[in-house]
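See below for the structure under consideration.
Any read-out appearing in this document is the output of simple, stated calculations on the displayed coordinates, not a laboratory observation. As the structure is a prediction and not an experimental result, all values here were calculated from the model. Cβ atoms come from the backbone with ideal geometry, glycine included; neighbour counts cover every protein chain shown.
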Amino acid sequence: MPYAQVILPVKLAWLPWYEVPDTTRTGMAVEVRLAGKGYIGIVRNFSEKAPENIASEKIHPIDKLLSTPPVALETMTFWEKIAEYYLCSVGEVFKASFHGLAATPPTKPAKSPATEAGNTAGDANNLVLSSEQGRVLEGIQKAFSAGKNCLLEGVTGSGKTEIYLSLAREMLRQGKCVLYMVPEIALSRQLEARLQERVGDALRVFHSKETPARRTRLCRELCTGSAPLLILGTRSSVFLPPTRFGLIIVDEEHDGSYKQDAPAPRYNGRDAALLLSQVLSCPILLGSATPSLESLYNCEIGKMEHFVLREKYHHAEPADIVFINTVEENRKNGMVGNFSRKLIDILQSCLHERKQAIILRSRKAYSTYVQCGQCGYIPKCKRCNLPLSYNKADGRLACHHCGKNLRYEATCPECGGPLLSMGAGTQKIEEEAAALLPQARISRLDSDAARSIVKERAIIEAFSRGETDILIGTQMVSKGFDFPGLKVVAVIDADALLSLDDFRADEKALQTLEQLRGRCSRRSEKGLFVIQTRQAAHPVFDSLRDGISTRHAEQMGERKDFSYPPYTRLVDITLEDFNEARMREKASRLAARLSSEGFDCLGPFARGSGKTAGRYALCLRISFPKNREYPIRKKALGRSLEVFAREEKYAFNLSINVDPL
């Protein structure tokens, strides 16, 4: 009986061996037991003889050979590349991509490729491109033919989606599948209807809020079907069965939502897609109105071709920008709560013209914290040591870090004084807007308001149909939505975007602001972008006035001077423990060990409050020069951490984050 190594969805630095039937093949799913617990695993390697370092009597037979479609070699190769890059185990990657392996009956036969192609290429759906779009499309196709990947930079409303669809429909006509990635579920929902019109029955949607049955059905369809499909998905879609992919599109490639922070693999969906394109030898197109500095750098050094769309498809002019200095407005009694009188006038004028407005406040809840008016006490989360936000509608105090919440009491537990709402979240902005503009139909879009798929979709669709006048929300509203009646976009307290403790703060703020500006200028009518700030002279605002390309050059220079990405590579190592003293001791020992081994180690230091969900946390940051030695040195770091975790019995208290955001 032959032997096989099996990939299991657990954190193991090695692959266990099992006895398997002669009919077993690479990629087949099997049921096995490890340490008395049952798992579904994937057969990776075979051997006619038992491994020399393991006695044959210690190798157990598998429990069952499953009838599910086998996992392709390309998929397992991709898992291994992800594991190697993100310093985790193949089992952890397998667990993250554990789609469609339940022993369920095969799906119904898919429609024939000819039928699908007919649905994607009807005369009524022919795309009409501008001359600039045509030029860029031709350039991208030539680059793909030459084996080059591409970055498409296009101002909001320039028609990037039309280019994506032109490329996708050509790939569908060739009988191949296309993966179209977006950073947010909410954005995928608005795109879904638009893509359905263009590609018909070829469209499939994949994200975490789809039912398990639908996700499983799609995986089976990719494994057993033959019809070309366009899959619209969020970051997890990069782990779908990829063997039929002929093109990968990553829209809004700069967006931080592509990055998974926990659990392992802590991957970036954009970068994982680039790895997948290497494995499949298929082209990939990254797109954004505000590309990341990392992608721009890759274009500079020749790794990618850079194409730019400078004109809006409907020839709309860029939105005018109005800066309102709230410090000055306060001095002359020009503020009503969180709204300046100037902004109120602008919104009233917008309503009078029967146009729509979006208001951004980067914090949800009613107030960002509450404080005693007598003794100054601030209620904090006992698990995270962070101020609790006040949700007025629920009458609760909530930690937006770990989700812990408790009933709101209006009196201070320390002295009995009154607890006052401090700071303004989206709920309070909504309340103030309703009082100031009673004639307006107002809704709110944040993670509290859109807790269900149905509610989120209803909010977006109502605004898109013009049934809502003002939409108030967090950064969710800055994504690539297209609202035809939108004229005004306003930012309440833009300073909150600039105050992040992050070397990328200015880049992220500029991306968010530029995306918002583009929301209100997508049609022929000129929009208005209003920014309320206490720092009107901030360099980010200067860049917004002058054009973000000037700021890109400055930021690149700053990154190079201070040895930040894209000129270096970063790896963050986080230690978490319920015992603070033990954690600090381990962190100091690890820092000393890594420094003695020649790693450029910063820390240990605390992030935020230094506590997460009841566990204390410290971080070490390792910086690597960006050169050919990086993969070798990173692998050496991984081995060193494995040894440390094993010797110190600290494996489950230590996590690794490659390319942190």
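List of remarks:
- Reachable aspartates and glutamates, given that their alpha-carbon falls under 16 Å from the alpha-carbon of Lys95 and they are not under 8 places away in the same chain: Glu31, Glu80, Glu84, Asp261
- Helix content alone sets the calculated 222 nm mean residue ellipticity of the chain: runs of n ≥ 4 DSSP H residues at -39500 (n - 2.57) each, divided across all residues, give -10500 deg cm²/dmol.
- Given charges at beta-carbon only (K, R positive; D, E negative), |dipole| of the range 203-245 in Debye: 80
- Expressed in units of 2.2 N^0.38 Å, where N is the residue count, the Cα radius of gyration of the chain is 1.03.
- Label sites at Leu602 and Val643, each approximated as a point 7 angstrom past Cα along Cα to Cβ, lie 2.6 nm apart.
- Note: relative contact order over the chain, using C-alpha pairs below 8 Å and six or more positions apart, is 12 percent.
- Fully extended contour minus Cα-Cα distance, from Cys415 to Glu467, at 0.36 nm per residue: 14.0 nm
- Inter-part distance, the range 569-604 to the range 243-262, computed on C-alpha centroids, equals 31 Å.
- Close amide H contacts of Leu230 (hydrogens built in the peptide plane, cut-off under 5 Å, sequence separation of 5 or more or a different chain): Val178, Leu203, Arg204.
- FRET efficiency estimate (nearest 0.05) - Cβ-Cβ, Val336 to Ser226, R0 45 angstrom: 0.10
- The loop-placed trypsin sites (Lys or Arg not before Pro) in the range 572-613, going by DSSP, that have at most 16 neighbouring Cβ atoms within 10 Å of their Cβ come out as Arg607.
- The lysine pair tally for the range 500-632, using Cα distances under 28 Å and a gap of 8 or more places or different chains, is 6.
- Protection proxy ranking of 228-237, 426-435 - average other beta-carbon atoms within 10 Å, highest first: 228-237, 426-435
- When peptides 47-57, 20-30 are sorted by average Cβ neighbour count within 10 Å, with the highest value leading, the order is 20-30, 47-57.
- Placed amide H near Ala490: partners under 5 Å, 5+ positions off or other chain: Ile358, Ile359, Leu360, Val530
- Arg396 long-range amide H proximity, modeled H, under 5 Å: Asn391, Tyr408
- Note on the range 170-234 and the range 481-521: Cα centroid distance 29 Å, given to the nearest whole angstrom.
- Mean Cβ neighbour count within 10 Å, used as a protection proxy, ranking 612-618, 83-89 highest first: 83-89, 612-618
- Using C-alpha pairs under 8 Å with a sequence gap of at least 6, the mean separation divided by the residue count of the range 113-309 gives a relative contact order of 33 percent.
- Placing +1 on the Cβ of every Lys and Arg and -1 on the Cβ of every Asp and Glu, with no other charges, gives the range 365-424 a dipole of roughly 220 debye about its Cα centre.
- Label-point separation, Lys626 to Asp546 (7 Å along Cα→Cβ), nm: 2.3
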